[in-house]
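Structure first, then comments.
The values are calculated or read from the model by the stated rules, or taken from the named source; none is laboratory data. Just so it is clear, the model here is predicted, and its values are computed rather than measured. Note that we place each Cβ from the backbone using ideal geometry, even for glycine, and neighbour counts take in every protein chain shown. Protein only, heavy atoms only, side chains kept; ligands, DNA and RNA dropped before computing areas. Shrake-Rupley method; radii C 1.70, N 1.55, O 1.52, S 1.80 Å.
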Amino acid sequence: MAEALFPLVSVAILVLTVAGIVWRGRDKRWARDAQLALNAQPLLSLIPAAFLALGAVALAILGFGSLAAGFAPGWGFFPLALEALVIIGFTVWIARRPFPED
């Protein structure tokens, strides 16, 4: 049971993150405010995305290394890496949207 805990928690975190992103993405005011914040300082907005990408690569490397070493629950690193990529994709989607007509 203890071996399955890490992968289950990783999948739960991924599902909750995707649900939160869908919930936030449907709120037009929040999306507009996030878009304005991202476009206010576009270069500064790349820093969190770059660190998330590095974290995703590190988590994937940890996943491959742990599976190669025989740590069966090591596949739990892959949903965490996917979560970081989902957050990056959502950030890019917000930044690339056309500005709303007010």
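A few comments on the model shown:
- The residue pairs whose first member lies in the stretch 65-92 and is open to solvent by less than 40 Å² (accessible area, probe 1.4 Å), whose second member is of a type in the set (Phe, Trp, Tyr), and whose beta carbons are closer than 7 Å, counting only pairs six or more residues apart or on different chains, are SER66/PHE77; PRO73/PHE6; GLY76/PHE6.
- Check on GLU101, at pLDDT 90 or above and among the acidic types (Asp, Glu): no
- When the stretch 38-64 is filtered for residues that are surrounded by fewer than 12 Cβ atoms within 10 Å (Cβ to Cβ), without any contact (Cβ under 8 Å) to a residue 12 or more places away in the chain and over 14 Å from ILE88 (Cβ atoms), the ones remaining, listed by number, are ALA40, GLN41, LEU43, LEU44.
- Filter result for ALA19 (modelled with pLDDT under 90 and exposed (fewer than 12 other Cβ atoms within 10 Å of the Cβ)): no
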